[in-house]
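A.B. asks: Next up is a structure, given as structure tokens.
The values are calculated or read from the model by the stated rules, or taken from the named source; none is laboratory data. The model shown is predicted, which means the values in this text are computed figures rather than measured ones. Virtual Cβ from ideal backbone geometry, glycine too; neighbours counted across all protein chains shown.
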Protein chains: 2
Amino acid sequence: MPAGLDRDAVERLDAAIHLRLRVKRKDTLYRPGDRFTALYAIRLGTFKTVALAEDGLEQITGYHLPGDVIGADGFGDERHTSQAVALEDSEVCVLPYNQLDRLSATVPELRHNLFRLASRDLCRDHAMMLTLGSRSAEARLTLFLLDLAERFRTRGYSAREFVLRMTREEIASYLGLKLETVSRLFSRFHREGLIRVDGREVRILDRTALEQLVDAALH
Amino acid sequence: MPAGLDRDAVERLDAAIHLRLRVKRKDTLYRPGDRFTALYAIRLGTFKTVALAEDGLEQITGYHLPGDVIGADGFGDERHTSQAVALEDSEVCVLPYNQLDRLSATVPELRHNLFRLASRDLCRDHAMMLTLGSRSAEARLTLFLLDLAERFRTRGYSAREFVLRMTREEIASYLGLKLETVSRLFSRFHREGLIRVDGREVRILDRTALEQLVDAALH
DNA sequence: CGCGAGCTTGATGCCGATCAATGCATGTGG
DNA sequence: CCACATGCATTGATCGGCATCAAGCTCGCG
């Protein structure tokens, strides 16, 4: 968020962030209908965001790691439409919207960053729509693993070995599959030497083969 | 876009819109890699936006009617990531981003509208992800028809009778299905008296039954 | 007229859902 | 400390929805 801001602007942004919030595992940061007041920058931990339809159907629409900013869905109608839940004990910075807005009048870079945030989310969602609409279960899980790996890498963690913070069922929900399918695919990938899985610990053994899997499965 | 702006602001916004663009059927407004310079407000016609993956896979991620603003995907990395194609001879207003940005420094309402735009798109995409990931073909097509109907209604057109501007294949792509499936469903809905279809002309005969179809099919 | 784009309809097959059983931690109360 | 429950994961057997393959139709157009 502060990328490109001069020192004065950063200080004023800091001043606006008067609140850090601890969110315990399974606790909700916001839920549909909650008044939109702020964006939340994740400092520590992992969140899932869940879309809920009027008829009770729900699906996880995103996983969010430290550095991600969530909550932008709420601005459209002043209320959040999705739910954000911590997958582990976490901590966020509260970025009150009225302060961001006031600052963004005088700090062009901040304005850009806010827009860039939303724009990137849009692109990510479009990629996900393509995945959900057109790819096989195999390709979906592969892309999920590679995406996670890449995001860990940019955050300075290992891209080859990591711990999933979500259950099989949550992975399945995100990928539009059933948990049994996810479990079977993990087992198969393991059997084929592509990854090593032990519960939620994953180690990527053959990234190239995984990448080829995605392309190959253009059914 | 001009919602909530005072007269002076509207005039300045008008001044910034020096360009109207005609886009003929099948012509592309922007494509992946194009430098992001502007948003486009549709004045007349219909557009589809298409997501393209590196491996060649593609999927339609949205249909856009007059009043919609498209192009926000391009801001994330200064380049568009998707493609926008006119489904019929159309006309757009070009909203140069640097002008919007300059104006939005002094016109808070414009800032809000820009953000609201992106936020609503995000919510729409999340709803679509849920549909693609969790709903049956039947429910997907029903939601598509009801969504279109609603959007025509808010634009002053009939919600009961309209002409589809896209092919069966394009509908299928948007819904993550195959064109044969879409065709079969249209035929079935027709047979069951829910709609009347003749080529691309659609008339909704029993909206209530359609709405119940969506809920019922919570497989 | 012939041609191609778009649509419909039928027959068949496969991927992933569903149903079901088991295993294995972790936690909890007697 | 044990008995039992609960949440999560794995694996197998079977089923069904949608894809695939294929044929034929209609309509607009050069």
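A.B. asks: Within the range B:173-182, how many residues are more than 7 Å from DNA strand D (Cβ to nearest atom) and of a type in the set (Gly, Ala, Ser)?
C.D. replies: Residues flagged as more than 7 Å from DNA strand D (Cβ to nearest atom) and of a type in the set (Gly, Ala, Ser) within the range B:173-182 amount to 1.
A.B. asks: Pick from B:Arg79, B:Arg20: which is more than 9 Å from chain A (Cβ to nearest Cβ), within 21 Å of B:Arg155 (Cα to Cα) and in contact with a Lys or Arg (Cβ under 9 Å, 6 or more places away or on another chain)?
C.D. replies: B:Arg20
A.B. asks: For a quick check of your reading of the model, give me the residue pairs whose first member lies in the range B:163-187 and is over 19 Å from B:Ala127 (Cα atoms), whose second is among the small types (Gly, Ala, Ser), with beta-carbon atoms closer than 6 Å and at least 6 apart or on different chains.
C.D. replies: Listed pairs, sorted by first residue: B:Arg168/B:Ser183; B:Lys178/B:Ala172; B:Leu179/B:Ala172; B:Thr181/B:Ala137; B:Val182/B:Ala172.
A.B. asks: For A:Arg140, state whether it is away from chain B (no Cβ under 14 Å), under 24 Å from A:Ile70 (Cβ atoms), charged (D, E, K, R) and part of a helix (DSSP H, G or I).
C.D. replies: When the stated conditions are applied, A:Arg140 does not pass them.
A.B. asks: Using the structure shown, decide if A:Thr46 is within 25 Å of A:Asp27 (Cα to Cα), among the polar types (S, T, N, Q) and either in contact with a Leu (Cβ under 7 Å, 6 or more places away or on another chain) or at pLDDT 95 or above (or both).
C.D. replies: Judged against the criteria, A:Thr46 is a match.
A.B. asks: Filter the range A:76-89 down to the residues that are under 14 Å from the mean Cα position of the chain (by Cα) and closer than 12 Å to A:Leu29 by Cα and list them by number.
C.D. replies: A:Ser82, A:Gln83, A:Ala84, A:Val85, A:Ala86, A:Leu87, listed by residue number.
A.B. asks: Please report, ordered by residue number, the strands (runs of 3 or more DSSP E) entirely within the range A:1-84 with at least 3 residues that are closer than 30 Å to A:Arg140 by Cβ and in the same structural domain as A:Thr106 (by TED's automatic domain parsing).
C.D. replies: Fully inside the range A:1-84 and qualifying: A:28-30, A:38-44, A:47-52, A:58-64.
A.B. asks: Can you confirm whether A:Ala72 is in contact (Cβ under 8 Å) with a residue 40 or more places away in the chain, crowded, with 20+ Cβ neighbours inside 10 Å and of a type in the set (A, V, I, L, M)?
C.D. replies: For A:Ala72, the condition - in contact (Cβ under 8 Å) with a residue 40 or more places away in the chain, crowded, with 20+ Cβ neighbours inside 10 Å and of a type in the set (A, V, I, L, M) - is met.
A.B. asks: If B:Leu141 satisfies all but one of (1) within 20 Å of the chain's Cα centre (by Cα); (2) touching a residue at least 60 places away in the same chain (Cβ under 8 Å); (3) within 16 Å of DNA strand D (Cβ to nearest atom), what's the number of the condition it fails?
C.D. replies: (2)
A.B. asks: While we're on this one: Select, from B:Phe162, B:Phe152, B:Phe189, the only residue that is more than 12 Å from DNA strand D (Cβ to nearest atom), surrounded by 14 or more Cβ atoms within 10 Å (Cβ to Cβ) and part of a strand (DSSP E or B).
C.D. replies: Result of the check over B:Phe162, B:Phe152, B:Phe189: B:Phe162.
A.B. asks: Please enumerate the residues belonging to the range B:172-186 that are aliphatic (A, V, I, L, M) and either assigned to a helix (DSSP H, G or I) or touching a Gly at 6+ places or on another chain (Cβ under 6 Å) (or both).
C.D. replies: Across the range B:172-186, the qualifying residues are B:Ala172, B:Leu175, B:Leu179, B:Val182, B:Leu185.
A.B. asks: Would you point out which residue out of B:Ala127, B:Ala159 is under 19 Å from A:Thr131 (Cβ atoms) and modelled with pLDDT of 95 or more?
C.D. replies: Every option except B:Ala127 fails the conditions.
A.B. asks: Any residue at all in the range A:61-73 that's of a type in the set (Phe, Trp, Tyr), touching a Ser or Thr at 6+ places or on another chain (Cβ under 7 Å), at negative phi and more than 9 Å from every other protein chain (Cβ to nearest Cβ)?
C.D. replies: yes
A.B. asks: Looking at B:Ile42, B:Ile17, can you tell me which residue is touching a residue at least 60 places away in the same chain (Cβ under 8 Å), surrounded by 16 or more Cβ atoms within 10 Å (Cβ to Cβ) and hydrophobic (A, V, I, L, M, F, W, C)?
C.D. replies: Only one candidate qualifies: B:Ile17.
A.B. asks: With the checklist (1) within 16 Å of B:Leu122 (Cβ to Cβ); (2) within 13 Å of chain B (Cβ to nearest Cβ) in hand, flag the one item A:Gly56 doesn't pass.
C.D. replies: Status for A:Gly56: all satisfied but (1).
A.B. asks: Right, next: Just give me the residues in the range A:103-117 being touching a helix residue (DSSP H, G or I) at 6+ places or on another chain (Cβ under 6 Å), more than 8 Å from chain B (Cβ to nearest Cβ) and part of a helix (DSSP H, G or I), in sequence order.
C.D. replies: Within the range A:103-117, A:Leu103, A:Leu110 meet the criteria.
A.B. asks: Residue under question is A:Leu143, and the condition is that it be in the same structural domain as A:Ala209 (by TED's automatic domain parsing), out of contact with any strand residue (DSSP E or B) (no Cβ under 7 Å at 6 or more places or on another chain) and within 15 Å of DNA strand C (Cβ to nearest atom); does it hold?
C.D. replies: So A:Leu143 fits the description; yes.
A.B. asks: In addition: Just wondering, is there one or more residues in the range B:82-93 that are buried (at least 20 other Cβ atoms within 10 Å of the Cβ) and modelled with pLDDT under 95?
C.D. replies: Scanning the range B:82-93, I find no residue that is buried (at least 20 other Cβ atoms within 10 Å of the Cβ) and modelled with pLDDT under 95, so the answer is no.
A.B. asks: Listed residues A:Leu117, A:Leu122; which is touching a residue at least 60 places away in the same chain (Cβ under 8 Å) and aliphatic (A, V, I, L, M)?
C.D. replies: Every option except A:Leu117 fails the conditions.
A.B. asks: Just to verify a result, which residue in the range A:192-215, among those that are assigned to a loop (DSSP other than H, G, I, E, B) and away from DNA strand C (no atom under 16 Å from the Cβ), is farthest from A:Ala149 (Cα to Cα)?
C.D. replies: If we take residues in the range A:192-215 being assigned to a loop (DSSP other than H, G, I, E, B) and away from DNA strand C (no atom under 16 Å from the Cβ), then A:Gly193 is farthest from A:Ala149 (Cα to Cα).
A.B. asks: Okay, moving on. Just the residues that are over 27 Å from A:Gln59 (Cβ atoms) and without any contact (Cβ under 8 Å) to a residue 12 or more places away in the chain, please, taken from the range A:199-219.
C.D. replies: A:Thr208, A:Gln212
A.B. asks: Next question, about the same structure. In the range A:120-129, is there at least one residue being farther than 19 Å from B:Glu58 by Cβ, more than 14 Å from DNA strand D (Cβ to nearest atom), within 14 Å of another protein chain (Cβ to nearest Cβ) and in a helix (DSSP H, G or I)?
C.D. replies: Yes, because at least one residue in the range A:120-129 is farther than 19 Å from B:Glu58 by Cβ, more than 14 Å from DNA strand D (Cβ to nearest atom), within 14 Å of another protein chain (Cβ to nearest Cβ) and in a helix (DSSP H, G or I).
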